[in-house]
């Protein structure tokens, strides 16, 4: 069996985290700078609808701070990676509950919610895979250097 390279595993984790971060920030920036393209999908309109989506975009940026921290060094910033996983799971779960509770007659809104469910579930799977890689590195490091703090 080939030896697993921990450095490559951490870079793979970074790529997964970075992919989620990229798509989250891309969505946030679209909501901030081009809210008019999305207001109808949320059954919103006017100045209030534009402001609501821009606010949502700002929140998306805020929520991604742990993702950026985890991206920089997933081994040392494991807490940030766990926070990102939890935040992504809350998003996917909350959106699923929101979608299930939506009354009939809101097909456009339901479709927008469904896109977020798919989007956030995909992100969650990527972050879980990243955490799995980091965990594997921790295990390998603990076996190779018992009692020492992991450094990669």
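The values are calculated or read from the model by the stated rules, or taken from the named source; none is laboratory data. Computed from a predicted structure; not experimentally measured. Ideal geometry is used to build each Cβ from the backbone, glycine not excepted, and the neighbour counts take in all protein chains shown.
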Practice item. For residue 139, work out the one condition from (1) modelled with pLDDT of 95 or more; (2) over 23 Å from residue 19 (Cα atoms); (3) surrounded by fewer than 16 Cβ atoms within 10 Å (Cβ to Cβ) it doesn't fulfil. Key: (1)
Practice item. Take residue 23 and decide whether it is within 16 Å of the chain's Cα centre (by Cα), in contact (Cβ under 8 Å) with a residue 24 or more places away in the chain and surrounded by 14 or more Cβ atoms within 10 Å (Cβ to Cβ). Key: yes
**Study point:** helices (runs of 4 or more DSSP H) contained entirely in the stretch 46-135, each with at least 1 residues that are in contact with a helix residue (DSSP H, G or I) (Cβ under 6 Å, 6 or more places away or on another chain), without any contact (Cβ under 8 Å) to a residue 60 or more places away in the chain and farther than 15 Å from residue 14 by Cα
**Key:** 46-63, 78-101
Point to revise | Flag for residue 44 being within 30 Å of residue 4 (Cα to Cα), surrounded by 13 or more Cβ atoms within 10 Å (Cβ to Cβ) and out of contact with any strand residue (DSSP E or B) (no Cβ under 7 Å at 6 or more places or on another chain) | key: no
